[in-house]
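The values are calculated or read from the model by the stated rules, or taken from the named source; none is laboratory data. Please read these numbers as outputs of a predicted model, since none were measured by experiment. All Cβ positions, glycine included, derive from the backbone under ideal geometry; neighbour counts span all protein chains shown. Ligands, DNA and RNA are excluded from the accessible area calculation, which covers all protein heavy atoms including side chains. Shrake-Rupley method; radii C 1.70, N 1.55, O 1.52, S 1.80 Å.
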Amino acid sequence: MIRKIHHIGIAVRSISESLPLYRDVLKLDLKGIEEVKGDGVKVAFLKVGETKIELLEPIDKDSPVSKFLEKRGEGFHHICFEVDNVRNVLEGCKNSGIVTIDEKPRKGAENCMVAFLHPKSCNGVLVELAEVIIDHGEEKR
């Protein structure tokens, strides 16, 4: 079901202002920056061991991350678990009574298929499920 912790999401007001801490001071390897227009965010991925830190900057004032920052400020946003089959895990969660944000998986950052579980069903933690898409034998994430 769950393979590992894929990444930890941190909401920031500005990736360019936050990146020096993670990249230059903590010496994490920056793997890339991209926009996920469907979620209204720009993301930066930094590698730490087998896991990544995902910095999330809103690019749309109505995005969930923008609303999160207004309400709670910068900080921990979500934890993402890598799964073999996001559709099956999501259905299993729904069948177990877990409230989901997504009814079906959708395309996320780095070409992954993702779905979110609502914090009210997960002890106050936003949980992301991600299925790594393999392209020409190489993992995208």
Residue 76 fails exactly one of (1) part of a loop (DSSP other than H, G, I, E, B); (2) open to solvent by 90 Å² or more (accessible area, probe 1.4 Å); (3) hydrophobic (A, V, I, L, M, F, W, C), namely (1)
Going through segment 28-45 in order, the residues found to be within 12 Å of the chain's Cα centre (by Cα) and part of a strand (DSSP E or B) are 36, 41, 42, 43, 44, 45
Per the filter on segment 46-67, residues of a type outside the set (S, T, N, Q) and either in a strand (DSSP E or B) or open to solvent by less than 30 Å² (accessible area, probe 1.4 Å) (or both) are 46, 47, 48, 52, 53, 54, 55, 56, 57, 58, 65
Residues that are within 29 Å of residue 23 (Cβ to Cβ) and not in a strand (DSSP E or B): does segment 89-98 have at least one? no
What do you reckon, is residue 36 in contact with a helix residue (DSSP H, G or I) (Cβ under 7 Å, 6 or more places away or on another chain) and at pLDDT below 95? yes
Note to self: With the structure loaded, tell me whether residue 32 is in contact (Cβ under 8 Å) with a residue 24 or more places away in the chain and on the phi > 0 side of the Ramachandran plot or whether it fails that test.
What the structure shows: yes
Expected single match for among the acidic types (Asp, Glu), out of contact with any Gly (no Cβ under 6 Å at 6 or more places or on another chain) and over 21 Å from residue 115 (Cβ atoms) among 103, 91, 57, 34 is 57
Filtering segment 111-133 for residues that are closer than 21 Å to residue 84 by Cβ and part of a helix (DSSP H, G or I) leaves a count of 1
